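Engineer: I'd like to ask you about the structure that follows.
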Amino acid sequence: MNVILKQASPSDYERIKVFYHNCKYGGGLNRLDTVFIAEIDNEIVGSVRICQQFTTTVLRGMQVSKKWQRQNIGTRLLLLASSWLKTTPCYCLPYSYLEGFYNKTGFQKINPADAPDFLSNRYNQYLKQGLNCIMMLRFFRD
């Protein structure tokens, strides 16, 4: 399989919206987001986006099509996004079972109370919805 990883262009955004819809991801997509995609035969099979929310960088929307999971696509997308971040601290709110996956690129579990208020609030909303998530922060790493 030939997986192409790239930073999405504005012309990809409608396809990304369809991909997210098919993955049942409801976090949306903003044209100001920086988005990375994985494609196989011109079909989007993975996506992750980096958002600026207030003055905080947040990684959101990490999705890989079920058919293509466990084939290193998510890891490669996360590495690409992390390399783009360079020295920028970045938060994420993944499911708790994905802690090791995010650790691979420098994300570390933190106390939600140590995050910006809007993220702590989102974390608490996720918990109320029954989602088993954690708060993570990626500090700069060599």
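Engineer: Take the conditions under 13 Å from the mean Cα position of the chain (by Cα) and closer than 25 Å to ASN124 by Cβ and apply them to TYR25. Does it pass?
Structural biologist: Details: under 13 Å from the mean Cα position of the chain (by Cα): yes; closer than 25 Å to ASN124 by Cβ: yes.
Against the criterion (under 13 Å from the mean Cα position of the chain (by Cα) and closer than 25 Å to ASN124 by Cβ), TYR25 qualifies.
Engineer: Among the numbered criteria (1) farther than 27 Å from ASN22 by Cα; (2) in contact with an Asp or Glu (Cβ under 7 Å, 6 or more places away or on another chain); (3) not polar (S, T, N, Q), which single criterion is violated by ARG49?
Structural biologist: Unmet condition: (1).
Engineer: So for region 4-21 (the condition being touching a residue at least 12 places away in the same chain (Cβ under 8 Å), touching a helix residue (DSSP H, G or I) at 6+ places or on another chain (Cβ under 9 Å) and at positive phi), does at least one residue qualify?
Structural biologist: no
Engineer: So for region 119-130 (the condition being crowded, with 17+ Cβ neighbours inside 10 Å and more than 17 Å from the chain's Cα centre (by Cα)), does at least one residue qualify?
Structural biologist: No, the conditions are met nowhere in region 119-130.
Engineer: Of the residues ARG138, ARG70, ARG49, which single one is closer than 18 Å to LYS24 by Cβ and either among the charged types (D, E, K, R) or under 16 Å from the mean Cα position of the chain (by Cα) (or both)?
Structural biologist: ARG49
Engineer: Please give the helices (runs of 4 or more DSSP H) falling wholly within region 1-113 in which 2 or more residues are among the aliphatic types (A, V, I, L, M) and surrounded by 13 or more Cβ atoms within 10 Å (Cβ to Cβ). Show your work before the answer.
Structural biologist: Values: elements: 13-22, 73-85, 99-103.
Fully inside region 1-113 and qualifying: 73-85.
Engineer: Sort through TYR91, TYR25 and tell me the only one that's in contact with a helix residue (DSSP H, G or I) (Cβ under 7 Å, 6 or more places away or on another chain) and of a type outside the set (Lys, Arg).
Structural biologist: On the way: TYR25 fails: in contact with a helix residue (DSSP H, G or I) (Cβ under 7 Å, 6 or more places away or on another chain).
On inspection, the qualifying residue turns out to be TYR91.
Only the coordinates and a few stated rules stand behind these numbers; no lab work does. Treat the numbers as computed from the prediction; the structure is a model and nothing was measured. In this analysis, Cβ positions are derived from the backbone assuming ideal geometry, glycine residues included, and neighbour counts consider all displayed protein chains.
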